[in-house]
Amino acid sequence: MLLTQTPKLTLFSSRLTSPRHVCLYLRRGGAFQVRAIATPADTAEGFEEMAASTMRKYYMLGGKGGVGKTSCAASLAVKFANNGHPTLVVSTDPAHSLSDSFAQDLTGGLLVPVEGPDSPLFALEINPEKAREEFRSATQTSGGTGVKDFMDSMGLGMIAEQLGELKLGELLDTPPPGLDEAIAISKVMQFVESPQYSMFSRIIFDTAPTGHTLRLLSLPDFLDASIGKIIKLRQKITQATSAIKSVFGQDENKADATDKLEKLRERMVQVRELFRDTDSTEFIIVTIPTIMAISESSRLCASLKKEQVPVKRLIVNQVLPPSASDCKFCAMKRKDQTRALDMIKSDSELMGLNLIQAPLVDVEIRGVPALRFLGDIVWK
């Protein structure tokens with residue numbers, strides 16, 4: 001999105017999904033009004049169906065960094081809220097920008113009400129450092145390293161050094177890649193399961209860039225392999241543990257590190273199953289019209305399909321609107337964008353998705369009014 005805004009009157013048109021899809025927007029003093037909108041193509045369900053659905057509740061937006069995922073996620077949240085759905089929008093991206101999009105302070109890891117929409121809209125930015133601390137707390141008690149505490153909880157602290165060759169230290173003390181996003185989403189699931197948060201009928205995830213998303217999906221397998229080894233070790237020495245605990249006076253009620261890790265693994269499996277639920281979840285890929293971004297989106301789509309994650313829509317953001325008088329730079333830029341858009345038509349992974357083209361606009365998308373404006377362009 002362009003980051004310039006002037007008080008003068010601006011009239012411009014935006015071509016969306018075909019030459020038939022033309023919108024005229026009138027901007028005066030920062031307020032936006034839609035002058036005319038053509039009917040979008042009937043290639044897939046539109047926003048009316050999204051809003052009317054009684055089953056699909058979760059929408060996850062992801063893609064390459066810097067393509068406008070947060071703006072698209074925030075605009076969808078505002079759109080749902082303005083159509084009668086109490087909505088929660090969550091950022092699981094370590095580089096949060098929801099606060100910037102809504103022009104509100106959403107930091108602190110707590111639900112914050114967003115001012116402006118017609119129905120309740122709350123936003124949440126998960127603190128990745130707190131997520132990492134949660135992992136550490138699952139593998140540590142007070143003081144010491146994860147390995148030492150793990151062995152202490154089993155009454156075998158005195159032989160922790162002898163078991164160093166198992167390399168449990170790196171596993172227990174270092175969070176694996178993708179864990180912070182997984183914990184962020186699992187926290188939202190906990191919110192949703194709580195009666196006080198049952199009001200939300202739509203939950204939007206502004207996910208981390210592509211690499212984080214793919215690691216998130218593979219995380220349960222990682223935890224199965226790693227935590228599984230620890231649990232097997234625990235099972236083998238259960239009898240010895242009980243005997244040593246009685247001899248050395250270990251507290252039988254001390255929280256067992258393996259139980260905490262097992263619960264964490266179960267939560268990660270729940271997150272993956274949420275991604276795969278075709279009835280309640282949809283993953284929306286956001287990209288921009290460049291060769292590199294489209295290529296990455298194709299790989300992301302292939303990986304999501306391999307993980308059985310339902311993908312229906314592809315948003316191509318920052319498309320140059322039509323112009324009668326292009327400068328040399330704009331003409332070259334438009335030519336490059338056209339080449340990238342043509343790639344989608346022949347790409348085996350992307351060609352079957354519902355293509356949504358969002359134009360590059362001459363205002364900064366910041367605050368609920370601007371997000372409402374963007375939502376009217378993107379979500380039809």
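The values are calculated or read from the model by the stated rules, or taken from the named source; none is laboratory data. No experiment lies behind these values; they were computed from the predicted model shown. So basically every Cβ, Gly included, is an ideal-geometry build from the backbone, and we count neighbours across all protein chains shown. The accessibility values were calculated without ligands, DNA or RNA, using every heavy atom of the protein model including side chains. Shrake-Rupley method; radii C 1.70, N 1.55, O 1.52, S 1.80 Å.
Remarks
- Taking each residue of region 111-123 that is surrounded by 14 or more Cβ atoms within 10 Å (Cβ to Cβ) and looking for partners that are part of a loop (DSSP other than H, G, I, E, B) and among the hydrophobic types (A, V, I, L, M, F, W, C) with beta-carbon atoms closer than 6 Å, six or more apart or interchain, yields Val112/Leu106; Leu121/Val114; Phe122/Leu111; Ala123/Leu106; Ala123/Val114.
- Residues of region 352-366 that are open to solvent by 10 Å² or more (accessible area, probe 1.4 Å) and either assigned to a loop (DSSP other than H, G, I, E, B) or free of Cβ contacts under 8 Å to residues at least 60 places away in the same chain (or both): Gly352, Leu353, Leu360, Asp362, Glu364, Ile365, Arg366.
- Within region 271-291, considering residues that are assigned to a helix (DSSP H, G or I) and either among the small types (Gly, Ala, Ser) or in contact (Cβ under 8 Å) with a residue 24 or more places away in the chain (or both), the one surrounded by the fewest Cβ atoms within 10 Å (Cβ to Cβ): Ile291
- Residue check, Arg313 open to solvent by 40 Å² or more (accessible area, probe 1.4 Å), at negative phi and among the charged types (D, E, K, R): no
- Residue satisfying all of: in region 181-206; over 14 Å from the mean Cα position of the chain (by Cα) and in a helix (DSSP H, G or I); modelled with the highest pLDDT among these: Pro195
- Of the candidates Glu296, Glu349, the single residue that is in a helix (DSSP H, G or I), of a type outside the set (Gly, Ala, Ser) and open to solvent by less than 60 Å² (accessible area, probe 1.4 Å) is Glu296.
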